[in-house]
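Derivation of every value follows stated rules applied to the coordinates shown; laboratory data play no part. Predicted model only: the values in this text are computed from it and were never measured. Glycine also receives a Cβ, built like all others from the backbone with ideal geometry; neighbour counts cover every protein chain displayed.
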Ligand SMILES: CC(C)(COP(=O)(O)OP(=O)(O)OC[C@H]1O[C@@H](n2cnc3c(N)ncnc32)[C@H](O)[C@@H]1OP(=O)(O)O)[C@@H](O)C(=O)NCCC(=O)NCCS
C-alpha cells in the first residue's frame with residue numbers, strides 16, 4: 001500500500017468524509033445496541049455543519065484521493081466550545097460568552113480549565129494497526145497547542161476492546177463510568193425492586 005497523507009479536511013472533502021462518518025456510526029451501533037445510527041442524509045448534514053463551523057477540527061488520512069480514516073476534535077471550557085485556533089466565534093456566541101464571563105465574575109465562579117475532546121476517530125479495517133490512529137491523534141492535538149488545554153478526554157463504549165486497548169496505549173485511563181440498565185424495568189413503579197420486608 002502507498003504512502004498515507006494526513007491533512008485537515010475542508011468543505012471540499014464532504015463527499016470523502018460522510019461515508020467514513022457513516023461507517024463509524026455503524027461500527028459503534030454494532031458495539032452499542034442503544035445507539036441507533038442516524039440516516040445517511042442526517043450524517044451528511046452533520047458532516048457539513050462540522051466542516052463549515054468554527055469548532056471542529058477534522059483531519060483525514062488519505063491514500064491518494066481515497067479517505068481511509070479521520071479524527072474529529074474540539075476544544076471546550078466548561079460547557080462552552082472554544083473556536084478553532086485562528087477562528088473567531090460567530091457574533092451571537094461572542095455576546096453570549098461575554099455575558100457568561102460577566103456572570104461568572106459576578107458570582108465569583110472560577111473559570112473552568114480548557115479541555116480537548118476527541119469526538120470521533122475511525123480507520124477503515126484494512127488500514128488499522130499501521131500507526132495511523134496514533135498519528136491522527138498526535139497531529140490533531142498538535143494543532144490545538146495554543147489553547148493551553150489541561151486535559152484531553154473521550155468516551156469509549158465499554159465493550160470496544162480494540163478502542164480501549166488503543167487509548168490505554170496512548171496513556172488514557174477511565175475517570176468515570178457511565179452505568180446503565182436496559183429493558184422494560186428501566187422506568188415505572190417496579191424500576192427498582194423493593195427488598196423483601198423493607199421500605200413499605
Ligand atoms: C481504535 C482505532 C482508531 C485504532 O486505530 P489504528 O490505526 O489501528 O491504531 P494504531 O495502529 O495507531 O495503534 C496504536 C497502538 O494502539 C494499540 N492497538 C490498536 N488497536 C489494537 C487492537 N486491535 N488490539 C490491541 N492493541 C491495539 C497498539 O498498542 C498499537 O500499537 P502497535 O500496533 O504498535 O502494537 C481503530 O481500531 C478503529 O478505527 N476502530 C473502530 C472505531 C473506534 O473504535 N474508534 C474509537 C472509538 S472511541
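Quick notes on this one:
- Rounded if a/c under 1.5, otherwise prolate or oblate - the stretch 94-200, Cα gyration tensor axes: oblate
- Paramagnetic label zone (point 7 Å from Cα along Cα-to-C-beta, residue 91; backbone N under 20 Å) in the stretch 48-79: 53-55
- Between residue 32 and residue 129, the modelled label-to-label distance comes to 2.6 nm, taking each label 7 Å out from Cα in the direction of the beta carbon.
- Rule-of-thumb Rg ratio for the chain [Cα; 2.2 N^0.38 Å; N residues]: 1.23
- Residue order, fewest to most beta carbons within 10 Å, for 153, 55, 117: 153, 117, 55
- With the simple spin-label model, which puts each label point 7 Å out from Cα in the Cβ direction, the residue 63 to residue 159 separation comes to 2.9 nm.
- Residues residue 194 and residue 119, FRET efficiency given R0 of 45 Å [Cβ-Cβ distance, rounded to 0.05]: 0.65
- Contact order normalised by residue count of the stretch 5-186, Cα under 8 Å, 6+ apart, percent: 21 percent
- MRE, 222 nm, helices only [DSSP H, n ≥ 4, -39500 (n - 2.57), over the chain, to nearest 500]: -11000 deg cm²/dmol
- Efficiency of FRET between residue 11 and residue 142 - r from beta-carbon atoms, R0 22 angstrom, step 0.05: 0.45
- Summary of the geometry: the stretch 50-116 and the stretch 122-142, compared by the centres of their Cα atoms, lie 22 Å apart.
- Residue 180-residue 80 FRET efficiency (beta carbon distance; Förster radius 35 Å; 0.05 resolution): 0.80
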